[in-house]
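Participant: I have a structure here, written as structure tokens, and I will follow up with some questions on it.
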């Protein structure tokens, strides 16, 4: 009695097992995160603090060192990097070992920062120290500007904070929303020292006046406890704006003292209040040179990129519909669109592979009953694989889907072996169930051994260390999971189905309109999964080809069998000839191995295939110590160059900003490109800009990267610049 006998004799049990595998996979699919490729970046926690007015040396000594000393040794940390800038900004990035829980990592870092708080300057403690999860890449970037430059950056920044910023950070999956060229809104009080001296005032007295008159005031209750008497009602005393000064007008009317003559002295008499930013370390402009704020959205490492992207786009559309006339909101780029397109492309390839596998199975087996058995192995194995993907913490990405595409041809092999063995026993006169029971006693060892050999090819890849292991682990194990499920299916469901539906007699010649209809359905399925690459013509071609094949199946089978017999005879003759020339064959094999080794060393290497995502990021650096004004002038010159490129849809330039921290002598810019279909091939023109990470892809982003890079010489005062088109 073999392992499969129980399942063959109990078809209901076997069917329920297969249905459960499919159901668990279907339940897992909606819960899986979707991304372009597996995340290879280690978990990262970012700690930021601001010491207003301090230079980089003071910030390093008073803030960064204090934070680093406490954070050092946090459990699971791989390494720590920090940056202190001349604007008083302190950033400490803590990178953790792969596999740690980023939520626990954040809690551990937060606890260490709490220990450091008493040692930090009071100014830093009062503004707070943020501890957030972060990722190295931006998922979406939007630009908020004005049509004619009629709104300044302070107004746009306040508008974003009032109607957009906090709503963005509430979206599930958004780790952080960063405003490039903006910061927390703030009121600034500028005083004239001559007027202060004339009125015998100091700046400290002005600060004291602000603190005393800009404080939360509690009015209490009239008639509330412990008041006695026959009071029937209690009335709260309302204080306008809770005692806070909330406008420029109120701040200008702030009483700061008295004149020597005894008159009240207000802030507007010795200076003025303005509305602006908490920090003026950066300045942002659009491609026309108008003030602009760039909104960058980062996602959490375990979130679904498509869901986050869709939620952000919906919120941005709502924000766009509510902004005042003249305010413009433009999408610079959206990586979610590329991920969706990439996943759809691989999904179409998977669907097309399934259609072709079924057609080839039917062409060789020439029996619809025999074709059903291995055909059912495909959805059971592939859908069930998603349950393992969920358990192992993987995601739906191009590599896992590619693994499923390759597994489509592998998961039917065992079922075909079972079908052939049962068919042989049927030819001997056995009944279907008896034929299935008889053959499985002989096949169990072979099926398990074959599957283990296949899995042995892929499973070792899962143990590769570092980024390579992270990338290809999901690809290899996805194939291994599907093979494991297909083996279980071949030992249980396939022999049970073969014992139920296979017949001993030869199937009749396929004729009639039903086969034509079946061919049309197959043609429609072929067109559905090919239309993305070949257009609507794929439907027409598929329907005509497979519809015609369905109406002529009998003749096609005859021609195929005749051709296959001739190929079989030719193969036998070829094998005999090769055996007689085995010395030359072995020499050719050795030469092929040598050529393979030479080609392996000669071909260019890359971490993963490069793909054009339709946007670019640029960084420009002036000489050390350059002012923000000079950096802004360089940004304007770069903007003038970028503006000439017709296929750049939107661009944003931020002076004083950088991905590793802000500094007045540096800047960065983003630009988005038209889709490759609508963007013509650019003509070669003068170009120059020093390149940082240059992939070799003929895609549009790569071409525009070269065009802009070669024009660096047109920008004055520029020491070095880099443009990196977004490739993966």
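The values are calculated or read from the model by the stated rules, or taken from the named source; none is laboratory data. Not measured: the values here are computed from a predicted model. Neighbour counts are summed over all protein chains in view; Cβ atoms, including those assigned to glycine, are modelled from backbone coordinates with ideal geometry.
Participant: Could you pull out the residue among 551, 580, 562 that is closer than 30 Å to residue 531 by Cα, assigned by TED's automatic domain parsing to the domain that holds residue 360 and either at pLDDT below 90 or over 51 Å from the mean Cα position of the chain (by Cα) (or both)?
Facilitator: Exactly one residue qualifies, and that residue is 551.
Participant: Here's another thing I want to ask about it. If only one of 218, 256, 210, 222 is at pLDDT below 80, farther than 30 Å from residue 302 by Cα and touching a helix residue (DSSP H, G or I) at 6+ places or on another chain (Cβ under 9 Å), which one is it?
Facilitator: 218
Participant: Going residue by residue through segment 214-233, is there one that turns out to be assigned to a helix (DSSP H, G or I), surrounded by 12 or more Cβ atoms within 10 Å (Cβ to Cβ) and either in contact (Cβ under 8 Å) with a residue 40 or more places away in the chain or over 28 Å from the mean Cα position of the chain (by Cα) (or both)?
Facilitator: Taking every residue of segment 214-233 in turn, none turns out to be assigned to a helix (DSSP H, G or I), surrounded by 12 or more Cβ atoms within 10 Å (Cβ to Cβ) and either in contact (Cβ under 8 Å) with a residue 40 or more places away in the chain or over 28 Å from the mean Cα position of the chain (by Cα) (or both).
Participant: I'm checking my understanding of the structure. Among residues of segment 574-608 that are within 30 Å of residue 647 (Cα to Cα) and in contact with a helix residue (DSSP H, G or I) (Cβ under 9 Å, 6 or more places away or on another chain), which one is surrounded by the fewest Cβ atoms within 10 Å (Cβ to Cβ)?
Facilitator: If we take residues in segment 574-608 being within 30 Å of residue 647 (Cα to Cα) and in contact with a helix residue (DSSP H, G or I) (Cβ under 9 Å, 6 or more places away or on another chain), then 607 is surrounded by the fewest Cβ atoms within 10 Å (Cβ to Cβ).
Participant: Is at least one residue of segment 312-319 under 12 Å from residue 139 (Cα atoms) and crowded, with 20+ Cβ neighbours inside 10 Å?
Facilitator: First pass over segment 312-319, keeping only residues under 12 Å from residue 139 (Cα atoms): 312-313.
Next cut, crowded, with 20+ Cβ neighbours inside 10 Å only: 312.
Yes.
Participant: Has segment 358-370 got at least one residue that is surrounded by 23 or more Cβ atoms within 10 Å (Cβ to Cβ) and out of contact with any strand residue (DSSP E or B) (no Cβ under 7 Å at 6 or more places or on another chain)?
Facilitator: Within segment 358-370, one or more residues are surrounded by 23 or more Cβ atoms within 10 Å (Cβ to Cβ) and out of contact with any strand residue (DSSP E or B) (no Cβ under 7 Å at 6 or more places or on another chain).
Participant: Only one of (1) assigned to a helix (DSSP H, G or I); (2) in contact with a strand residue (DSSP E or B) (Cβ under 9 Å, 6 or more places away or on another chain) fails for residue 407. Which number is that?
Facilitator: Here residue 407 clears every test but (2).
Participant: Residues that are closer than 22 Å to residue 376 by Cα, at least 1 per element: which helices (runs of 4 or more DSSP H) completely within segment 496-591 meet that?
Facilitator: 513-534, 537-551
Participant: Let me ask something else. Looking only at segment 294-337, which residues are in a strand (DSSP E or B) and more than 23 Å from the chain's Cα centre (by Cα)?
Facilitator: 327, 328
Quick grid of which residues meet (1) at pLDDT below 90; (2) in contact with a strand residue (DSSP E or B) (Cβ under 7 Å, 6 or more places away or on another chain); (3) over 16 Å from residue 628 (Cβ atoms); (4) not assigned by TED's automatic domain parsing to the domain that holds residue 210:
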{"residue": "260", "(1), (2), (3), (4)": "yes, no, yes, no"}
{"residue": "263", "(1), (2), (3), (4)": "yes, no, yes, no"}
{"residue": "269", "(1), (2), (3), (4)": "yes, no, yes, no"}
{"residue": "282", "(1), (2), (3), (4)": "yes, yes, no, yes"}
{"residue": "291", "(1), (2), (3), (4)": "no, yes, no, yes"}
{"residue": "295", "(1), (2), (3), (4)": "no, yes, yes, yes"}
{"residue": "298", "(1), (2), (3), (4)": "yes, yes, yes, yes"}
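Here is a yes/no grid of residues against (1) in contact (Cβ under 8 Å) with a residue 60 or more places away in the chain; (2) over 30 Å from residue 389 (Cβ atoms); (3) touching a strand residue (DSSP E or B) at 6+ places or on another chain (Cβ under 7 Å):
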residue	(1), (2), (3)
478	yes, no, no
485	yes, no, no
505	no, yes, no
513	no, yes, no
557	yes, yes, no
577	no, yes, no
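Participant: Residues 309, 302: which one is crowded, with 19+ Cβ neighbours inside 10 Å and over 30 Å from residue 54 (Cβ atoms)?
Facilitator: Exactly one residue qualifies, and that residue is 309.
Participant: Same structure, new question: For the structure I just gave you, tell me whether residue 655 is closer than 27 Å to residue 295 by Cβ, at pLDDT 55 or above and surrounded by 19 or more Cβ atoms within 10 Å (Cβ to Cβ).
Facilitator: yes
Participant: Which pairs have Cβ atoms under 7 Å, sit 6 or more apart or on different chains, and link a residue in segment 58-81 that is more than 17 Å from residue 129 (Cβ to Cβ) to one that is part of a loop (DSSP other than H, G, I, E, B)?
Facilitator: 76/97; 76/100; 78/42; 78/97
Participant: Residue 549 - would you say it is closer than 29 Å to residue 340 by Cβ and surrounded by 14 or more Cβ atoms within 10 Å (Cβ to Cβ)?
Facilitator: no
Participant: May I ask you to list the residues in segment 110-135 that are part of a helix (DSSP H, G or I) and surrounded by fewer than 19 Cβ atoms within 10 Å (Cβ to Cβ)?
Facilitator: 110, 111, 114, 115, 117, 118, 119, 122, 123, 125, 126, 127
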